[in-house]
Amino acid sequence: MQTVLIVAGETGVAQLAQHHLERARFVVHLLSAETNLIKRAHRIQPALILIDTSISADGGLGLCRQIRALDSLARTPLILLAAKSSEEERVAGLEAGGDDYISEFSSGREFVARIQAVIRRFARPVSRGIPPASVPLQHFLADTSASRIRTGDIEIDTSAMKLMVRGSEVTTTTLEFRLMYYLSHHRACVFSRDQLLDAVWGTQYVSPRTVDACVRRLRHKIEPNRARPTYLRTIRGAGYCLDVGSRS
């Protein structure tokens, strides 16, 4: 039985999520925003954290960023939950570090399926430091026997799931790490958002805008000048690629 931590707000959507998850045999901890959430999360070590966006005026984005800044919780999957939402709110939630944004759900089966899909993506590696995947491992075409992969100034330690940029370790979420891992194995290849969703996310429930949000977060972490990215490049009308050409 897997454990989910839910941070409840004022709309009742957290209680509805609790009902669906407990029916699916999850262990659910429903907490208020006033609880010492970080301390409880460390103690519980949940498989997933759900944040009701009505907990604060900023829609839970501050809490989301706080969790993502902690090495101990950075790779715990996190989903924002709302009774209703606009596209702008969903994009802001993804950019703040959310791995999905679920709103206006009426089907308990679909809701639980989306939760399970996210948890599967974050399952621990099973062998040789291969990042977790809910899609067949043949999607990762390169040999994974090497424990370290160098891509220009970027080094990926597959056994420890660490990303080093210009000699310094950079904290990433599991999805950010998987995206860098995948692109480093296909250097200079251009992938559309749908191709990356299939290879890295491996689920039909996530919007292509999630890829954009993940790329923006990675650029903040790896680019010397994120206003003019030289590593994670956007190819207009095509998608993204990892460029490791000469650097000035």
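The values are calculated or read from the model by the stated rules, or taken from the named source; none is laboratory data. Because the structure is a prediction, the values reported are computed rather than measured. Don't worry about glycine lacking a Cβ; one is built from the backbone with ideal geometry, like all the others, and counts go over all protein chains shown.
Which residue, of A213, A227, is outside any helix (DSSP H, G or I), out of contact with any His (no Cβ under 6 Å at 6 or more places or on another chain) and modelled with pLDDT under 90?
Numbers: A213 fails: outside any helix (DSSP H, G or I).
After applying the criteria, what remains is A227.
If only one of H29, H20 is at pLDDT 90 or above, outside any loop (DSSP other than H, G, I, E, B) and farther than 28 Å from F177 by Cβ, which one is it? Explain how you work it out, then say what you get.
Details: H29 fails: farther than 28 Å from F177 by Cβ.
The unique qualifying residue is H20.
Within the range 116-130, identify whether any single residue is part of a loop (DSSP other than H, G, I, E, B), closer than 19 Å to A213 by Cα, at pLDDT below 85 and of a type outside the set (D, E), and answer yes or no.
Residues of the range 116-130 that are part of a loop (DSSP other than H, G, I, E, B), as a first pass: 122-130.
With closer than 19 Å to A213 by Cα added as a condition, the list becomes 122.
If we keep only those that are at pLDDT below 85 too, we end up with 122.
Adding the requirement that they be of a type outside the set (D, E) leaves 122.
Checked against the condition, which is being part of a loop (DSSP other than H, G, I, E, B), closer than 19 Å to A213 by Cα, at pLDDT below 85 and of a type outside the set (D, E), the range 116-130 yields at least one hit.
Test G98 against the criterion of being of a type outside the set (S, T, Y) and assigned to a loop (DSSP other than H, G, I, E, B), and give yes or no. So that I can check it myself, show each step before the final result.
Details: of a type outside the set (S, T, Y): yes; assigned to a loop (DSSP other than H, G, I, E, B): yes.
So G98 passes the test.
Can you name every residue in the range 45-64 that is part of a strand (DSSP E or B) and surrounded by fewer than 23 Cβ atoms within 10 Å (Cβ to Cβ)?
Scanning the range 45-64 gives a single hit, L48.
Quick one: which residue in R120, R68, R40, R90 is under 24 Å from T171 (Cα atoms), surrounded by 14 or more Cβ atoms within 10 Å (Cβ to Cβ) and more than 20 Å from the chain's Cα centre (by Cα)?
Numbers: R120 fails: more than 20 Å from the chain's Cα centre (by Cα); R68 fails: more than 20 Å from the chain's Cα centre (by Cα); R90 fails: more than 20 Å from the chain's Cα centre (by Cα).
Only one candidate passes the filter, namely R40.
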